[in-house]
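The values are calculated or read from the model by the stated rules, or taken from the named source; none is laboratory data. Small disclaimer: the values here were computed from a predicted structure and weren't measured. Here the Cβ positions follow ideal geometry from the backbone for every residue, glycine too, while neighbour counts run over all protein chains shown.
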């Protein structure tokens, strides 16, 4: 299709130079032509896929700030004094982590709506299940942000907490940070109910690679394994995380594919 369009442009332009100079004259379509051609070739399906992909990436970037960057930068495992000092000394960074966590949660609503619009034609029941799970899990994230706010209040030592000594402040900081982590682990029991339908929809869609659908279902199982290990046998949580990391990259693969490659039209997929 693209080569036919280019040939049409070349054939539609008549060379008005002398015959002996025509061979040195090359027709080069303008940049606006290529933009218009690309816009025409990118179907509504691909536009929906790219919208979902870009929203997916944006939400994930904000989520990584609190889930990975803040813990690795400010939180010291098993050291309440150092953790409290880090939070108090980098209050703005910790507040940014709270805001990022909330933005990630809010954006996820739009990610789910974009995915619903993309995949509802495949199986509306499964697509609706994704929306229901998002409605259930989003308030949990907003409530969980309150644990970080409480940890910050104890780390700062506000006036109405002056009756507590420093050791008690540090203990409460660790308490609320641990509550945040435990609630994140608990939400993994719900995430599997999102990723299994998501993976099935991608697998059945015929306009997205089936391997991505399988990978998404494995992501759901990885979240389940992390939740069970963290809640039942915390001593193995780190080992399970090390094994789960390569699987969790499935989400990265999906969001990049949606944003860059878009979706393949069903008639093109059937012919390939």
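Residue check: is residue 145 modelled with pLDDT under 95 and either assigned to a helix (DSSP H, G or I) or in contact with a helix residue (DSSP H, G or I) (Cβ under 7 Å, 6 or more places away or on another chain) (or both)?
In short, no.
Given the criteria touching a residue at least 40 places away in the same chain (Cβ under 8 Å), over 11 Å from residue 84 (Cβ atoms), assigned by TED's automatic domain parsing to the domain that holds residue 92 and not in a loop (DSSP other than H, G, I, E, B), does residue 183 qualify?
So residue 183 passes the test.
Only one of 262, 213, 220 is on the phi > 0 side of the Ramachandran plot and surrounded by 19 or more Cβ atoms within 10 Å (Cβ to Cβ); which?
Being on the phi > 0 side of the Ramachandran plot and surrounded by 19 or more Cβ atoms within 10 Å (Cβ to Cβ) holds for just one of 262, 213, 220, which is 262.
Name the one entry in 205, 227 that is within 23 Å of residue 105 (Cα to Cα) and crowded, with 16+ Cβ neighbours inside 10 Å.
From the options 205, 227, the qualifying one is 227.
Just one of the numbered conditions (1) part of a helix (DSSP H, G or I); (2) over 30 Å from residue 86 (Cα atoms); (3) touching a residue at least 12 places away in the same chain (Cβ under 8 Å) is not true of residue 211; which one?
Just one mismatch for residue 211, condition (3).
Does residue 77 count as over 21 Å from residue 251 (Cα atoms) and not in a helix (DSSP H, G or I)?
Yes; evaluated as a whole, the condition is true for this residue.
Tell me whether the range 60-77 contains one or more residues that are within 16 Å of residue 191 (Cα to Cα), surrounded by 16 or more Cβ atoms within 10 Å (Cβ to Cβ), assigned by TED's automatic domain parsing to the domain that holds residue 249 and over 17 Å from the mean Cα position of the chain (by Cα).
Checking the range 60-77: not a single residue is within 16 Å of residue 191 (Cα to Cα), surrounded by 16 or more Cβ atoms within 10 Å (Cβ to Cβ), assigned by TED's automatic domain parsing to the domain that holds residue 249 and over 17 Å from the mean Cα position of the chain (by Cα).
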